[in-house]
1. Given the conditions (1) out of contact with any Pro (no Cβ under 9 Å at 6 or more places or on another chain); (2) crowded, with 16+ Cβ neighbours inside 10 Å; (3) more than 7 Å from chain B (Cβ to nearest Cβ), which single one is not true for A:Arg6?
2. Within the stretch B:277-302, work out how many residues are surrounded by 15 or more Cβ atoms within 10 Å (Cβ to Cβ) and either more than 7 Å from chain A (Cβ to nearest Cβ) or touching a Pro at 6+ places or on another chain (Cβ under 7 Å) (or both).
3. Can you work out which of the residues in the stretch B:79-133 that are of a type in the set (Ser, Thr, Tyr) and surrounded by fewer than 17 Cβ atoms within 10 Å (Cβ to Cβ) is modelled with the lowest pLDDT?
4. I'd like to check something: does the stretch B:207-221 contain any residue that is under 19 Å from B:Ile255 (Cα atoms), in contact with a helix residue (DSSP H, G or I) (Cβ under 7 Å, 6 or more places away or on another chain), crowded, with 18+ Cβ neighbours inside 10 Å and modelled with pLDDT of 90 or more?
5. Are any residues in the stretch A:44-61 at the interface with chain B (Cβ under 7 Å from one of its Cβ atoms) and surrounded by fewer than 18 Cβ atoms within 10 Å (Cβ to Cβ), and if so, which ones?
6. Name the residue that is farthest from B:Leu354 (Cα to Cα), counting only residues in the stretch A:15-26 that are facing chain B (nearest Cβ under 7 Å) and surrounded by 18 or more Cβ atoms within 10 Å (Cβ to Cβ).
7. Got at least one residue in the stretch A:78-85 being closer than 23 Å to A:Ala141 by Cβ, buried (at least 21 other Cβ atoms within 10 Å of the Cβ) and touching a residue at least 24 places away in the same chain (Cβ under 8 Å)?
8. Using the structure shown, decide if A:Gly131 is among the small types (Gly, Ala, Ser), part of a helix (DSSP H, G or I) and closer than 20 Å to A:Trp197 by Cα.
Amino acid sequence: MTRDSRVTTELAAAAERLRGPDMLQVLALFLAALLFVVAVRWPGAGGSNEAWFTLAQMRMVLLALAALGYGAAESGHGPASRRATAGALVMFVVLSAPFDIATYAASYPAAPLWWAVGLPFPATLAYFGLGLGLGRLATWARLGALLPLLVPAVLIVGIWVDVRLGVSVFNPLTAPLSVSVVDGVVMTAMAAATVAWLGRARSGGRSGA
Amino acid sequence: MRPPPALRAVPGQGAPRVIAVACALLALLGPAVAAAQGDGATVELGLGGNLVADAWNPVRVTVRDAAPSVLRVRIDEGSLLEGPRIVRYSANLPGGSGVTVFDDDLFVPTFRTLSYTLVSGRTVLASGSLGAGDADARPLDVILSGAPGRWRGAFGSDARIVDVAASDLPARAAAFDGVRTLLVDGSAAAPRAESVAAAASGGVQVVLAGPLPASQAQLGRLAGRGSARLGVGEVVRVAANPRAVRAAMAGWQPIDRQGMVQALAAERLVQPPRAPGQPLMLSLAAAYVLVTLLGLRFGGTPGLVAGLVLAAVIAAAGWRLLRPPSAELSASSTVLIGGGELALALQVDERLTLPSGEVTLPRAGRPLSPLPYAVEDGSTRVELPRWHAVAVAAHPELRTSALRFEGGRLVNTGREPLHGVYVLGLGRQPDLPAGASVTPGPGEEGGMAPPLARLAALLPAGTALASAPAAVWVALPPLSQEGSP
């Protein structure tokens with residue numbers, strides 16, 4: 001399979017996954033939440049524009065929750081489904097980027113644009129991988145029924161760890177607001193591991209086919 | 001009167017023991033130290049070592065045979081209630097063989113502590129400190145006389161009278177910000193005429209008491225036929241007795257320069273960028289969400305691709321429409337107050353920063369709001385939060401007057417046309433093209449623009465105001481016409 005045809009296939013799989021009612025509803029809720037933030041935080045005449053800060057935090061939290069949740073839910077599914085879901089989550093990032101970029105432009109934060117736009121990609125894949133691991137762990141421990149609680153709990157634990165250590169790595173509320181080398185390295189490494197995992201599953205699936 | 005010893009430098013040779021011995025000697029010798037510093041480094045803050053709080057003060061550093069050095073001044077202008085608020089000043093001094101003299105001006109606020117060091121590499125050449133008790137905001141009355149005690153009776157009991165050598169007088173108007181009167185009686189060494197002109201232009205009343213010797217005839221010419229305006233101040237000739245000096249001082253109505261600066265900064269000069277209204281933003285965002293979701297639901301892969309393209313287009317358009325042109329927006333307002341040929345330029349620079357960070361203004365100045373700041377080699381740096389502006393009063397400078405009274409006529413000697421000409425007490429006058437003149441006459445009164453009206457409230461009757469493209473020109477009336485337009 002050529003590279004182009006592989007991309008087309010992955011895109012088609014992601015599009016198909018996004019058409020699913022669950023995914024479409026989650027995406028609709030996600031975009032509606034961002035719309036709500038714009039409605040609440042967009043300034044009146046002459047005021048300072050702080051819309052990006054709230055929007056970036058809200059976007060990152062929702063992306064992390066969605067990625068963790070779908071990752072945990074996908075742990076019991078096949079590799080093709082996982083890849084399609086991961087691709088769909090990446091589309092969440094892309095389709096919500098105009099909100100981020102527009103509010104960033106108007107707010108003029110000190111954080112660089114490449115960080116604001118770039119971080120959600122590895123972070124979403126990283127949280128998806130974390131969700132996959134969480135789902136496996138829950139299945140192994142026969143705690144699958146507790147996944148709806150475990151998903152936000154993992155996020156809360158991540159925030160708690162960050163606050164305790166005084167760093168910004170797993171806290172989606174602080175991560176997008178300023179450049180953190182540790183955050184970037186950890187998220188990129190986790191995202192790479194997730195992609196490798198998904199890729200290995202593809203190779204395994206093909207050789208097994 | 002000699003300056004307090006704390007304001008004169010402590011010469012150091014580098015080794016702590018030498019510094020300790022020098023400090024001990026300083027304590028023992030007291031006032032004699034200032035005279036004993038000739039072969040070291042000298043730092044002098046204030047005119048003749050006399051600081052005036054809430055005013056620009058001259059800084060003079062003299063070093064001999066020294067490597068390049070750095071003068072650092074640290075001023076804490078905080079309070080018990082709000083804690084420390086630090087103002088930092090630093091200047092790089094060139095070194096070299098022989099004597100190197102560095103002159104500058106520093107705005108000294110009312111401080112809790114002030115300390116300075118002159119450092120060359122690891123060697124401290126001079127250092128010193130002052131406490132809150134030394135922050136005296138009373139203006140100086142400077143006497144240039146061989147017998148200064150003779151004139152003490154001319155000044156009030158609360159006056160800060162200092163006698164300085166003629167060579168101590170700088171030739172910068174800002175250096176005289178904290179001086180009220182300069183008395184010259186001709187019995188001491190002659191001051192440079194440009195120093196006296198700078199003092200008068202900066203707002204000082206220069207009193208020439210009695211006949212001056214031929215060597216000081218140049219000073220007499222500044223006074224014209226008895227008294228004359230020069231810049232914001234005046235030069236006046238009086239008889240050589242304290243009573244005449246006292247009478248001249250009583251008749252002097254100084255221009256409120258601080259008030260003029262405040263009037264310039266009364267309105268915001270820079271407006272924050274205006275974002276599109278909330279309804280428009282919400283409508284566009286909602287339309288984007290709707291189109292994207294419909295494309296994904298019914299379009300399959302083409303719908304997803306279309307959604308991605310739409311996202312890219314919306315992001316690019318949003319960036320282009322919403323991004324302010326630069327991270328910092330700036331504007332400035334200048335008033336040039338002239339009497340005679342010289343004018344004092346008071347400028348307020350306002351800078352608004354959108355991201356938080358340090359704002360750097362290219363000129364030395366002082367923020368008009370209570371903020372910590374630093375002046376480094378002629379530039380001013382202020383740390384600001386997001387979407388905040390700071391107004392900085394720049395170091396006052398002297399310029400050639402473009403608007404002045406000459407023989408009862410109002411003349412535009414500049415290269416730019418002046419419009420909105422207004423004479424206080426007479427009313428509106430015709431516009432003045434470059435090189436044109438007009439005899440002021442009764443005109444329509446009132447209707448001045450708010451910035452001009454604020455300035456006018458601080459000026460005497462008969463003053464002319466006019467607007468140029470980047471400044472407001474003010475011509476003070478000749479002394480004989482003041483108050484009677």
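1. Going through (1) out of contact with any Pro (no Cβ under 9 Å at 6 or more places or on another chain); (2) crowded, with 16+ Cβ neighbours inside 10 Å; (3) more than 7 Å from chain B (Cβ to nearest Cβ) one by one, A:Arg6 breaks only (2).
2. Qualifying residue count, the stretch B:277-302: 5.
3. The initial filter retains those residues of the stretch B:79-133 that are of a type in the set (Ser, Thr, Tyr), namely B:79, B:89-90, B:97, B:100, B:110, B:113, B:115-117, B:120, B:123, B:127, B:129.
From the residues that got through so far, the ones that are surrounded by fewer than 17 Cβ atoms within 10 Å (Cβ to Cβ) too are B:79, B:90, B:97, B:110, B:115, B:123, B:129.
Values: B:Ser79: 89, B:Ser90: 96, B:Ser97: 86, B:Thr110: 94, B:Ser115: 96, B:Thr123: 90, B:Ser129: 94.
If we take residues in the stretch B:79-133 being of a type in the set (Ser, Thr, Tyr) and surrounded by fewer than 17 Cβ atoms within 10 Å (Cβ to Cβ), then B:Ser97 is modelled with the lowest pLDDT.
4. Quick first cut of the stretch B:207-221, residues under 19 Å from B:Ile255 (Cα atoms) only: B:207.
Of the ones still in play, those that are also in contact with a helix residue (DSSP H, G or I) (Cβ under 7 Å, 6 or more places away or on another chain) are B:207.
Filter again for crowded, with 18+ Cβ neighbours inside 10 Å, leaving B:207.
Filter again for modelled with pLDDT of 90 or more, leaving B:207.
Looking for residues that are under 19 Å from B:Ile255 (Cα atoms), in contact with a helix residue (DSSP H, G or I) (Cβ under 7 Å, 6 or more places away or on another chain), crowded, with 18+ Cβ neighbours inside 10 Å and modelled with pLDDT of 90 or more, one finds at least one in the stretch B:207-221, hence yes.
5. Taking the stretch A:44-61 and keeping what is at the interface with chain B (Cβ under 7 Å from one of its Cβ atoms), we get A:45-46, A:48-49.
If the condition is that a residue be at the interface with chain B (Cβ under 7 Å from one of its Cβ atoms) and surrounded by fewer than 18 Cβ atoms within 10 Å (Cβ to Cβ), then A:Ala45, A:Gly46, A:Ser48 are the ones that fit.
6. Going residue by residue through the stretch A:15-26, those that are facing chain B (nearest Cβ under 7 Å) are A:15, A:18-19, A:24.
Still in the running and surrounded by 18 or more Cβ atoms within 10 Å (Cβ to Cβ): A:15, A:18-19.
On the way: A:Ala15: 39, A:Leu18: 38, A:Arg19: 41 Å.
Looking at residues that are facing chain B (nearest Cβ under 7 Å) and surrounded by 18 or more Cβ atoms within 10 Å (Cβ to Cβ), I get A:Arg19.
7. Yes, there is a match, as at least one residue in the stretch A:78-85 is closer than 23 Å to A:Ala141 by Cβ, buried (at least 21 other Cβ atoms within 10 Å of the Cβ) and touching a residue at least 24 places away in the same chain (Cβ under 8 Å).
8. On the way: among the small types (Gly, Ala, Ser): yes; part of a helix (DSSP H, G or I): yes; closer than 20 Å to A:Trp197 by Cα: yes.
Yes, satisfied.
The values are calculated or read from the model by the stated rules, or taken from the named source; none is laboratory data. As the structure is a computational prediction, the values presented were derived from the model and not from experiment. Note that each Cβ is placed from the backbone with ideal geometry, even for glycine, and that neighbours are counted across all protein chains shown.
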